[in-house]
Structures are given as C-alpha cells and as structure tokens.
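Trainee: Below you'll find the structure I mean.
Just so you know, all these numbers are worked out from the coordinates, no wet-lab data involved. Since the structure is predicted, the reported quantities are computational estimates derived from the model, not experimental observations. When we count neighbours, we look across all protein chains shown, and the Cβ atoms used for this are built from the backbone with ideal geometry, even at glycine.
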Amino acid sequence: MEFREKAYAKLNISLDVGARRADGYHEMNMVMQTVKLCDELSVSTTEDGQISARSNLRFIPNDERNLAVKAARVFLDAAEISGQGLLLTLHKRIPVGAGMAGGSSDAAAVLRLLNRMYEDRFTRSELEKLAEQVGSDVAFCVSGGTALARGRGEILEDLPPLPDCRIVVCKPEFSISTPELFKKLDSAPVRHHPDTAGILKALGDGDLRAICRRMYNVFEDVGDRRMRTVAQIKSRMLDYGALGSIMTGTGSAVFGVFTEEAAADKAAEELRGEYRFACVTEPMPGLFL
Ligand code: C5P
C-alpha cells in the first residue's frame, strides 16, 4: 500500500532571535507562513524492517540524517510499532539550504502521513510534540498556515492568514548553514529587531501593506558577506514592484510579496535568468484549522 502527502515550504514574515540558552538553542520570535511550493512524498511498506529514503536529489542522505527518516523512526517508536519497514520517496522541489524548512517540512509530512496510515493514532498537538524531537521547525510544519513561533520554534500560536498575494522566491547559487549563521549572530549582537507586535496587529487588520513594511529578519544584519547578494535580490524584488522583501530563515532564499500576478511572474522570470532558482507561489492555509 502506498500513501502520498505534500510537504509545504515555509517563509519567515519576520525573524527575531533573543538570548542563547543553556542548551545551546536560541530564543526565537518568528512569524511563519507556509506557501504552496511543496515537495511530494510517498511512503510504501517494506518487508525488511528498515526505514530508508530515496529522492530525486543525489546529495540528500537516505538514512536517519534525513529528517524524514528520523521522523518515521520517532513516530513508530512513539506508537510502539516494531519491525515495520518503510521506504520514503521524496520528490524535492523546495530548494535545499534555502531557509524554507524543506527538510523539516518533509519530516512533518511523514508524521501526518503515518498518522493517517495508522488511523489517527495521535492528535495534532501530540504530533507537534513528536515533531520537536526531530527539529526546531518541524512542529510548525505539522499544520503550517500562519503562526507565531517562539521558544526553540516549537511554541506555536495560530494567527490570522496572510492576505491574498503572490510571493516570488529566489535563491542564489550558494546555500547557508543554519548553525554557522547562529554562531555569527552570537558574536554580533542584534542591533535592530522586527516590530513583531506591529505585524500581529497588521495580520489582524488584514493589512498586507502594513505587514510588508514591517517584514524583517535579524540574520540579514550579522555581517556575512553573502548578505550582499541577498541585498541585491531584495532590491531587485522592490524594483519589480514588491511591497516588501526579506531573506527567509537563515537563507539563502529571499522572497518578495506582490499584489499583481503579472508583476510577480515578470520578477520571477527575470530573476530566474540570473540566479539559481526563482518561482512564484502563494500563501497556503493551515492543514489542521
Ligand atoms: O533544531 P534543529 O536541529 O533544526 O537546529 C539546527 C541548529 O540550529 C541547532 O543545532 C542550533 O545551532 C541552531 N538553532 C538555534 N536555536 C534555535 C533553533 C536552531 O541555535 N531556536
């Protein structure tokens, strides 16, 4: 029997980082949004008792270093199911090393899919608890939509949806390692913080322009030379008519928010000619709302 699930990408409407904690993680305060750009996942049962993955990208690991495999292991252990072999097949479309939670989203999709396969064994909040064991962004990806994420990223609060818009995502050639950028942040104190309260108010008002004016990611200000390319892409987005543009997560992808489909299409087409990846997508509502 084969089960299928979509794994949606996330973007950060804002990203603020607080103190480094005793456990090495940082206190986060982020407005997160899932978008329709997604990986496709399918799971089939096997007789060999192993959990493994395969994908259309050769450099993605097939063992427990792959968050999707780790999630399957966490699920089966929590459900006390032993000896079940699973083959996870991933068709990756979300750029890797982009700050779009591609790996975390695959992991969350595995949790949703296995939960369906095993007759809704766990509730949404139980799945989110399991997700925390897999990675900091996985809990958000279980339901997605628009949410405020705090703590390590696992303390979640559903928010009013992002108003209708088109989102252009562009990723340059290079990828950025998440731990590396967090380390840089430790040696360069955060000078400016996003107006998270203002974004929450603007979401409540359904005011896209007010949201876009306040979009901000503290990682853009860590003094990393790669942020020059990020700044160039942002400025191109604004030239093409974006209401706002920032880097997502720890990068390297940048997104711009547009009201006009034609302007978004044009921006993506032009950026695709210059950078590794560009596409147009749109906000995706939460799956468990
Ligand atoms: O939880 P996850 O494995 O996705 O985190 C990857 C890395 O990102 C951590 O090892 C840590 O360096 C950094 N991180 C952090 N604070 C967070 C989330 C992640 O420092 N809240």
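Trainee: Which net charge results for the neighbourhood of LEU156, defined as the other residues with beta-carbon distances under 9 angstrom from its beta-carbon, given Lys and Arg at +1 and Asp and Glu at -1?
Mentor: -3
Trainee: Can you list residues whose amide H is under 5 Å from GLY151's amide H, if they're 5+ apart or on another chain and H is modeled 1.01 Å from N?
Mentor: MET28
Trainee: In whole Hz and in residue order, list the ³J(HN,Hα) couplings for the stretch 178-191 that follow from phi through the Karplus curve 6.51 cos²θ - 1.76 cosθ + 1.60, θ = phi - 60°; x for Gly and Pro.
Mentor: So the J values, rounded to whole Hz, are 4, x, 4, 6, 4, 4, 4, 5, 5, 9, 10, x, 5, 8.
Trainee: Something else now. Per-residue HN-Hα couplings for the stretch 246-260, Karplus 6.51 cos²θ - 1.76 cosθ + 1.60 at θ = phi - 60°, whole Hz, x for Gly and Pro?
Mentor: My calculation for the stretch 246-260 gives 9, 7, 9, x, 9, x, 9, 6, 10, 10, x, 9, 10, 9, 9 Hz in order.
Trainee: Determine the shape class of the stretch 39-183: with a ≥ b ≥ c the square roots of the Cα gyration tensor eigenvalues, call it rounded for a/c under 1.5, and otherwise prolate if a/b is greater than b/c, oblate otherwise.
Mentor: Working: a/c = 1.76, a/b = 1.26, b/c = 1.39.
Judged from the Cα gyration tensor, the stretch 39-183 comes out oblate (a/c at least 1.5, b/c at or above a/b).
Trainee: If you don't mind, there's one more thing I want to ask. Could you tell me the relative contact order of the chain? Use alpha-carbon pairs under 8 Å, at least six residues apart, and round to a whole percent.
Mentor: Working: 668 pairs, mean separation 65.8, N = 289.
Relative contact order here is 23 percent.
Trainee: Another one. Hey, what do the phi angles of the stretch 113-123 turn into as Karplus ³J(HN,Hα) couplings, whole Hz, using 6.51/-1.76/1.60 and θ = phi - 60°, x for Gly and Pro?
Mentor: 5, 5, 5, 5, 4, 9, 6, 6, 4, 10, 7
Trainee: Sequence-distant or interchain residues sharing an amide H contact under 5 Å with LEU37, placed H: which?
Mentor: ALA9, GLU282
Trainee: Pull out a ≥ b ≥ c, the square roots of the eigenvalues of the alpha-carbon gyration tensor of the stretch 187-289, then state rounded if a/c is under 1.5, prolate if not and a/b is larger than b/c, and oblate in the remaining case. Intermediate results must be reported in sequence, preceding the final value.
Mentor: Details: a/c = 1.71, a/b = 1.01, b/c = 1.69.
Here the stretch 187-289 falls in the oblate category.
Trainee: In addition: I want the local charge near PRO194. Using Cβ-Cβ distances under 10 Å, sum +1 for each Lys or Arg and -1 for each Asp or Glu among the other residues. Write down the numbers at each step before the final one.
Mentor: On the way: positive: ARG214; negative: ASP16, ASP195.
Net charge around PRO194: -1.
Trainee: Also, quick follow-up: Which residue, CYS38, ALA101, GLY251, has the largest displacement toward the positive end of the dipole of the chain when charges sit on each Cβ (Lys, Arg +1; Asp, Glu -1)?
Mentor: GLY251
Trainee: Please work out whether the chain counts as rounded, prolate or oblate from its C-alpha gyration tensor, where a ≥ b ≥ c are the square roots of the eigenvalues and a/c under 1.5 means rounded, while otherwise a/b larger than b/c means prolate and anything else oblate? Provide the component values of the computation, followed by the final result.
Mentor: On the way: a/c = 1.65, a/b = 1.53, b/c = 1.08.
Note, shape of the chain comes out prolate.
Trainee: May I pose another question? Please go through the residue pairs LYS70/LYS184; LYS6/LYS36; LYS234/LYS266; LYS10/LYS201 and name each one whose alpha carbons sit more than 18 Å apart in this structure. If you can, show how the numbers build up before the last one.
Mentor: Values: LYS70/LYS184 28 Å; LYS6/LYS36 9 Å; LYS234/LYS266 15 Å; LYS10/LYS201 21 Å.
Distance filter (> 18 Å) returns LYS70/LYS184; LYS10/LYS201.
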